[in-house]
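The values are calculated or read from the model by the stated rules, or taken from the named source; none is laboratory data. Remember, predicted model here, so these are calculated numbers, not experimental data. All Cβ positions, glycine included, derive from the backbone under ideal geometry; neighbour counts span all protein chains shown. For the accessible areas, the whole protein counts, side chains as well, though only heavy atoms, and no ligand, DNA or RNA atoms are used. Shrake-Rupley method; radii C 1.70, N 1.55, O 1.52, S 1.80 Å.
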Amino acid sequence: MIQAEHLSKTYVLRERNGLFRRKSRREVPAVKDISLTLPPGKIVGVLGVNGAGKTTTIRMLASLISPTSGSLTIDGMDAVKHHLQVKQQVNVISGGERNLYWRLTARENLRYFGNLYGLSGRALEDRIHRLLALVGLTEVQDTPVERYSKGMKQRLQIARGLINDPRYLFLDEPTLGLDILIAKDIRALILRLARERNKGIRLTTHYIQEAEELCDFLYVLEKGTVIAQGTKEQLRSLFQRPPKLVMQEPDLEEILMEILRQRAGGTAETDRAAGSAAPGVSPEEKTGGGL
Amino acid sequence: MLIVWSTYKRIRTGILRAVPWSFMVSRVATGVTQILFPYFLYRYFMKGNLSPAFLRYTGGADYITYIVLGSALNVLAVSTLMNVGRALITELREGTLEVLLLAPASRGPYFAGCLWEQTARALLEFGATLLVGALLGARLGPLFSLSALAAIGLAILSFFCMGLLLSGVMLRTRDTYITQNTLFVTMSLVCGVVFPIPYLPEWVQRLAQVFPLTPAVELFRSAVLRQEPLSAHPGWILQILLLSGLYLLAGVLWNRRLEKTMLENIFG
Ligand SMILES: Nc1ncnc2c1ncn2[C@@H]1O[C@H](COP(=O)(O)OP(=O)(O)OP(=O)(O)O)[C@@H](O)[C@H]1O
Ligand SMILES: [Mg+2]
C-alpha cells in the first residue's frame, strides 16, 4: 500500500525581469497538505481542473521529485529515503507522445527500458513479446515509433509502463487524445490490471466517465488540496449539489460525455471495421468525440 | 555493463536511422578548415618562413605536421565534449528525460555508453582529419607508436570528464549553442592547437592550463613529432589526470544535485 501523509510541494521559480535585472524568486505551492492511500488491487482516481496539482502528486509518488514536506511510504518503507527501491516497484504512464525514443522500434524501446530496470535476456524478450501482444502492437513491433499514429504511441507507452511489472502504476491521463474505441480498450486493460494482477493504480483523468467506470475511490483536487473524497456513491450524492465540484466547462463536457456514451454504447467492433458512425451521431459530432 | 551496452546500441541505432553523414561531414569539414586556414597563411603569406620564435617554442617542429596534429586532437575534443555534454539535454528536448530518471539505473553507465558510442565516430573524424593532413604533407609516421596511442587515450578520458561537467552546465542553462561554441572557440584559440601558446599573453597562457586539451596536445605532439616516450613528460600526464579527476568529481556531484531538481523545471 502506498500511503502519503500531508504531502506538500512548493516549486521555486526564478524569473528574470528584463535582461539585466536580478532574478526574482517566486514560489508556487502546487500541492498543499495532501493525504491519500493507494491499496494494491484498487483503482484510485484523482480528478481536478488543469493546474490542480495532479501531475505534481504523481511525480512525488513516483519519486521523480521530492516533496517539500510530508511523508510517503510504500509497503511500510520510507519512499523518500529508499527511492531506488521505490523506482523498481512503480511506473508512470502519461498521455501524449513523449517518453519514447522515436527513432527506435517498439521492440527496441521496450528492450532499452527493460535494461534500465536491470532486465535482460530471455526473460525480458518474453515479457516484451507478451506486452506487445497485450497492447496490440505485435504487427508493427519492428517499425520505428516515429511512423506510429498517436494511439499506437500511446499504447506503446502503456507497454513501457508495464515493463518492470510494477506493483503500483500511476496513470496520468492515459487516454488523452485517443479515439473512443482505443480508449475503451485501454480502460478494459486498466481494470484487468487491477482486478487480475492486483496492481494498485492511481488514475488521473479529465474524462469523468472514465473515472466513474474504473475507480474504486476518488479524490477531487483543487488548487493543490483535496476538496472531496470518497467512493463513487459517496461522491455522487455530493455532485447533486451544484457548485464547487464542477470539473471544467461542464456544458462541453456533458455534450462530450453524451457523444462518448452513445459511441461506447453502440457495437464498437463492427463500427471500427465498417468505419461508420453510430446511429444518431452526425459526422461532426463523431470527430468531436474523438478529441 | 548492461546499461553501457544498451545505451550504446540505442544511440547508435538512432543515429544510423537519422542522418549520419551530414553530421560527420560537417565535423570533418571543421577539422579540415582548421588545417587549411593556417596552411594557406603559412604557404602563401609567410612563404614557408617560420619565425625563430616558433622553432624555439616547438623544438624545431615542421609547421604542417604541427597544425595537423593539433587540429586532429581538437576535433576529437570537440566531438567528445559535445556528445557527452549534450546527451541529457537531448533527452530533455526529445521528452525522454523523465522516463530515464524514472528508472532506477544510475547515470555513470549511461554516460559510459554515450562515450563508447561517440568515440567510434570521433575516431573516424580524427582519422579523416589526419588523412587530409597527410595529403598536405604532414609527416605522421610515428602515429601508431604506443606513446601516441596512449596520449590519445588519455586525451579522450579527460575530454569525457570535462563533458560530464559540460552536461551539467547545459542542463542548468538550457542552452547548447552558446555554451558549446564559446567553449570550443576558446579552446581552439588558447590551447595551442595551431600555434604555440607562448605567443599568447601570460594570463591567457595560465587560463589555457585549465583545459586538458593544452597538455594533451603537447603530449600527443611530443610522441609523434619527436617520438618521445610518455615517461618523458610526467608533468603533462599528471596535469591531465588531475584535471580529469577534478572535472569528474565536479561533474558527478553537480549532476547528482541537478537530477533532484531537474524535473522540477519540467512543467507537467
Ligand atoms: N516544474 C514546475 N515549476 C513550477 N511550477 C509548476 C511546475 N509544474 C507545475 N507547476 C505549477 O503547479 C501547479 C500544479 O501543476 P500540475 O501539473 O500538478 O497540475 P495538473 O493538475 O496536473 O494539471 P493538468 O490537468 O493541466 O495536467 C500549476 O499551477 C503549475 O503551473
Ligand atoms: Mg497534469
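Here segment A:80-97 is the region considered, the condition is being at pLDDT below 90 and within 13 Å of ligand 1 (Cβ to nearest atom), and the residue that is farthest from A:Phe170 (Cα to Cα) is A:Gly96.
Residues that are within 15 Å of ligand 1 (Cβ to nearest atom), open to solvent by 20 Å² or more (accessible area, probe 1.4 Å) and either touching a residue at least 24 places away in the same chain (Cβ under 8 Å) or in contact with a Lys or Arg (Cβ under 9 Å, 6 or more places away or on another chain) (or both) do not occur anywhere in segment A:103-111. The residues of segment A:137-150 that are part of a loop (DSSP other than H, G, I, E, B) and either touching a residue at least 24 places away in the same chain (Cβ under 8 Å) or crowded, with 18+ Cβ neighbours inside 10 Å (or both), listed by number, are A:Leu137, A:Gln141, A:Asp142, A:Thr143, A:Tyr148. Do we have B:Pro198 as touching a residue at least 40 places away in the same chain (Cβ under 8 Å) and either open to solvent by less than 40 Å² (accessible area, probe 1.4 Å) or assigned to a helix (DSSP H, G or I) (or both) here? Yes: the conditions hold for B:Pro198. Taking each residue of segment B:42-53 that is touching a residue at least 60 places away in the same chain (Cβ under 8 Å) and looking for partners that are surrounded by 11 or more Cβ atoms within 10 Å (Cβ to Cβ) and not hydroxyl-bearing (Ser, Thr, Tyr) with beta-carbon atoms closer than 9 Å, six or more apart or interchain, yields B:Ala53/B:Pro196; B:Ala53/B:Pro198. Note on segment B:234-264: residues that are within 16 Å of ligand 1 (Cβ to nearest atom) and free of Cβ contacts under 8 Å to residues at least 12 places away in the same chain amount to 3.
Kindly indicate whether any position in segment A:218-232 is under 26 Å from A:Lys184 (Cβ atoms), modelled with pLDDT under 85 and assigned to a helix (DSSP H, G or I). Scanning segment A:218-232, I find at least one residue that is under 26 Å from A:Lys184 (Cβ atoms), modelled with pLDDT under 85 and assigned to a helix (DSSP H, G or I), so the answer is yes. Screening the candidates A:Gly118, A:Gly95 for the property of being within 13 Å of chain B (Cβ to nearest Cβ), touching a Leu at 6+ places or on another chain (Cβ under 6 Å) and open to solvent by 10 Å² or more (accessible area, probe 1.4 Å) yields one hit, A:Gly95. What about A:Ser24, is it among the hydroxyl-bearing types (Ser, Thr, Tyr) and more than 10 Å from chain B (Cβ to nearest Cβ)? It is true that A:Ser24 is among the hydroxyl-bearing types (Ser, Thr, Tyr) and more than 10 Å from chain B (Cβ to nearest Cβ).
For segment B:221-268, filtering for residues that are closer than 30 Å to A:Tyr11 by Cα, part of a helix (DSSP H, G or I) and aliphatic (A, V, I, L, M) leaves 8. For first residues located in segment B:163-191 and in contact (Cβ under 8 Å) with a residue 12 or more places away in the chain, partners that are in a loop (DSSP other than H, G, I, E, B) and surrounded by fewer than 20 Cβ atoms within 10 Å (Cβ to Cβ) and lie 6+ apart or on another chain with Cβ distances below 6 Å form the pairs B:Met170/B:Thr176.
Yes/no matrix, rows are residues, columns are (1) free of Cβ contacts under 8 Å to residues at least 24 places away in the same chain; (2) open to solvent by less than 10 Å² (accessible area, probe 1.4 Å); (3) over 29 Å from A:Val86 (Cβ atoms); (4) within 12 Å of the chain's Cα centre (by Cα):
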{"site": "A:Leu156", "(1), (2), (3), (4)": "no, yes, no, no"}
{"site": "A:Asp165", "(1), (2), (3), (4)": "no, no, no, no"}
{"site": "A:Ala188", "(1), (2), (3), (4)": "yes, no, no, no"}
{"site": "A:Ala194", "(1), (2), (3), (4)": "no, yes, no, no"}
{"site": "A:Asn198", "(1), (2), (3), (4)": "no, no, no, no"}
{"site": "A:Gln209", "(1), (2), (3), (4)": "no, no, yes, no"}
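When segment B:24-53 is filtered for residues that are open to solvent by 70 Å² or more (accessible area, probe 1.4 Å) and within 21 Å of the chain's Cα centre (by Cα), the ones remaining, listed by number, are B:Val25, B:Thr30, B:Thr33, B:Phe37. Just one of (1) within 28 Å of A:Leu176 (Cβ to Cβ); (2) away from ligand 1 (no atom under 16 Å from the Cβ) fails for A:Met77. It is (1). With respect to B:Arg93, is the statement that it is within 18 Å of B:Thr119 (Cα to Cα), part of a helix (DSSP H, G or I) and out of contact with any Leu (no Cβ under 7 Å at 6 or more places or on another chain) true? It is false that B:Arg93 is within 18 Å of B:Thr119 (Cα to Cα), part of a helix (DSSP H, G or I) and out of contact with any Leu (no Cβ under 7 Å at 6 or more places or on another chain). Condition check for A:Glu125 on (1) without any contact (Cβ under 8 Å) to a residue 40 or more places away in the chain; (2) open to solvent by 40 Å² or more (accessible area, probe 1.4 Å); (3) at the interface with chain B (Cβ under 9 Å from one of its Cβ atoms): one failure, at (3). Looking for something within 14 Å of chain B (Cβ to nearest Cβ), away from ligand 2 (no atom under 16 Å from the Cβ) and in contact with a strand residue (DSSP E or B) (Cβ under 8 Å, 6 or more places away or on another chain) - is there at least one such residue anywhere in segment A:34-44? Within segment A:34-44 (the criterion being within 14 Å of chain B (Cβ to nearest Cβ), away from ligand 2 (no atom under 16 Å from the Cβ) and in contact with a strand residue (DSSP E or B) (Cβ under 8 Å, 6 or more places away or on another chain)), the answer is no, since none of the residues qualifies. For A:Thr231, the requirement of being within 15 Å of ligand 1 (Cβ to nearest atom), over 17 Å from the mean Cα position of the chain (by Cα) and open to solvent by 30 Å² or more (accessible area, probe 1.4 Å) is not met. With respect to being within 14 Å of chain A (Cβ to nearest Cβ) and either within 16 Å of ligand 2 (Cβ to nearest atom) or open to solvent by 60 Å² or more (accessible area, probe 1.4 Å) (or both), B:Leu263 fits the description.
Taking the criterion of being modelled with pLDDT under 80, touching a helix residue (DSSP H, G or I) at 6+ places or on another chain (Cβ under 9 Å) and open to solvent by 60 Å² or more (accessible area, probe 1.4 Å), the only residue of segment B:1-23 that qualifies is B:Phe23.
For B:Val210, the conditions (1) crowded, with 21+ Cβ neighbours inside 10 Å; (2) within 15 Å of the chain's Cα centre (by Cα) all hold with the exception of (1). For segment A:55-92, filtering for residues that are open to solvent by 50 Å² or more (accessible area, probe 1.4 Å) and within 16 Å of ligand 2 (Cβ to nearest atom) leaves 0. Scanning segment A:35-49 for residues that are open to solvent by 10 Å² or more (accessible area, probe 1.4 Å) and modelled with pLDDT under 90 yields a single hit, A:Val49. For segment B:60-82, indicate whether the set of residues that are assigned to a helix (DSSP H, G or I), modelled with pLDDT under 80, away from every other protein chain (no Cβ under 14 Å) and open to solvent by 30 Å² or more (accessible area, probe 1.4 Å) is non-empty. No - not one qualifying residue is present in segment B:60-82. Does segment B:83-95 contain any residue that is open to solvent by 10 Å² or more (accessible area, probe 1.4 Å), among the polar types (S, T, N, Q) and closer than 25 Å to A:Ile163 by Cβ? Checked against the condition, which is being open to solvent by 10 Å² or more (accessible area, probe 1.4 Å), among the polar types (S, T, N, Q) and closer than 25 Å to A:Ile163 by Cβ, segment B:83-95 yields at least one hit.
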